[in-house]
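Here is the structure we will look at.
The values are calculated or read from the model by the stated rules, or taken from the named source; none is laboratory data. Please read all numbers here as calculations on a predicted model, not as lab measurements. Neighbour counts are summed over all protein chains in view; Cβ atoms, including those assigned to glycine, are modelled from backbone coordinates with ideal geometry. Ligands, DNA and RNA are stripped out before the accessible areas are found, and what is left, the full protein with its side chains, is counted by its heavy atoms. Shrake-Rupley method; radii C 1.70, N 1.55, O 1.52, S 1.80 Å.
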Amino acid sequence: MRVEPALRESVVALARQAGDAILEVYGSDFAVRHKHDDSPVTAADLAAHHCIADGLRALTPDIPVLSEESAHLIGLQQRRAWSHLWLVDPLDGTRDFVKRNGEFSVNIALIVDGVAEFGVIQQPVGGALWWAQSSDGAFRRDGDAERRLQVRLPATGTLQVAASRSHRDPRTDALLQRLADVNAVAQGSSLKFCRIAEGDIDLYPRYGPTSEWDTAAGQVIVEQAGGVVLDLQGRPLRYNRRDTLLNGEFVAAGDPALLTLVQDTP
């Protein structure tokens, strides 16, 4: 399925509307509760979820929506029957939202037969927006200005390696210590993928758990900018293909040759 320009712009508008809804809560004295997995959730997550889910159902009633905030309502057999779906993280980086550091995002991706074919990421703070579609390239928008993105290839000199603000782990630390010439870049949420696509970050190794809605939009943005998002066996991430909605370990890289650095880390 190809996302035509009219639908693309409608999805972009939804991402921005969700970002506005998030900022309304961001500026207030909001409460934080925790889900069964101890991950935080706020009124901003729910407001963005309803904005996006309702909007996508109106735009494409024949394509189901799988959002982080409603996934628990959808059974395995139901979702496994879907060849097409919208995969949504209404507020990626809720921990960063709670810390008020601005490094959170809205993620919307279209999955076709397990492949992320179209993706939008919006950063509510500052308003930047990234989008990509298979065979069309990857782009960043600031207001009405748009530019095409390209990863840094080949990655030479000092490597810029993303290290999550909220999910740093010993294996990432071991990788950073092993590399001779490296700069660790602290960055929250799916914005790490966007910075790889822009050429500002070279490598994002992720050894800890993530969910499919955390990576789908970022994957197509990185891939269409010339990079890769692969598991540690060198296979591209695929979606709605397993019993679980958790991803395995993976690496996102501008230069595919960097994958060997991560595979060699015990």
Next item on the list: Just flag the trypsin sites (Lys or Arg not before Pro) in the range 39-137 sitting in loop per DSSP whose Cβ has no more than 12 other Cβ atoms within 10 Å.
Entry: R100
Notebook entry, point to check: Which of the peptides 22-35, 236-249 is most tightly packed, and how do the rest follow, going by the mean number of other Cβ atoms within 10 Å of each residue?
Noted result: 236-249, 22-35
Next item on the list: Could you tell me what percent of the accessible area of the range 121-266 is made up of carbon and sulfur, with a 1.4 Å probe and every protein chain present?
Entry: 48 percent
Notebook entry, point to check: In square nanometres, what is one fourth of the surface area of the convex hull spanned by the alpha carbons of the range 195-266?
Noted result: 4.6 nm²
Check: Put a dot 7 Å past each Cα toward the Cβ at A6 and A43; how far apart are the dots in nm?
Finding: 3.7 nm
Margin query: Let me check I have the definition right: for the range 1-104, take the eigenvalues of the Cα gyration tensor, multiply each by 5, take square roots. What are those semi-axes in whole Å, largest first?
Written below: 25, 18, 10
Checklist line | Label point distance in nm, Q78-H50, each placed 7 Å from Cα along Cα→Cβ | finding: 1.9 nm
Notebook entry, point to check: Applying the Karplus parametrisation 6.51 cos²θ - 1.76 cosθ + 1.60 with θ = phi - 60° to the phi angles of the range 225-233, what ³J(HN,Hα) value in whole Hz is obtained for each residue in order, glycine and proline being reported as x?
Noted result: 8, x, x, 9, 10, 10, 6, 6, 9
Checklist line | the range 156-266: relative contact order as a whole-number percent, Cα under 8 Å and 6+ apart | finding: 28 percent
Item checked: In sequence order, calculated HN-Hα J values of the range 77-82 (Karplus, 6.51, -1.76, 1.60; Hz; x Gly/Pro) -> 5, 5, 6, 5, 7, 8
Notebook entry, point to check: For the chain, with every protein chain kept in place, what is the accessible area per residue (1.4 Å probe, Å²)?
Noted result: 41 Å²
Notebook entry, point to check: Put a dot 7 Å past each Cα toward the Cβ at R100 and D144; how far apart are the dots in nm?
Noted result: 3.4 nm
Next item on the list: Return the ratio Rg/(2.2 N^0.38 Å) for the range 134-266, where Rg is computed over Cα atoms only.
Entry: 1.00
Notebook entry, point to check: Rounded to the nearest 0.05, what FRET efficiency is calculated for R241 and T156 with R0 set to 51 Å and r the Cβ-Cβ distance?
Noted result: 0.90
Item checked: Percent accessible area from carbon and sulfur atoms, the range 34-110, protein chains only, probe 1.4 Å -> 51 percent
Check: What ³J(HN,Hα) values, in whole Hz, does the Karplus curve 6.51 cos²θ - 1.76 cosθ + 1.60 give for the range 46-58 when θ = phi - 60°, with x put for Gly and Pro?
Finding: 6, 5, 5, 4, 5, 4, 6, 4, 5, x, 5, 5, 6
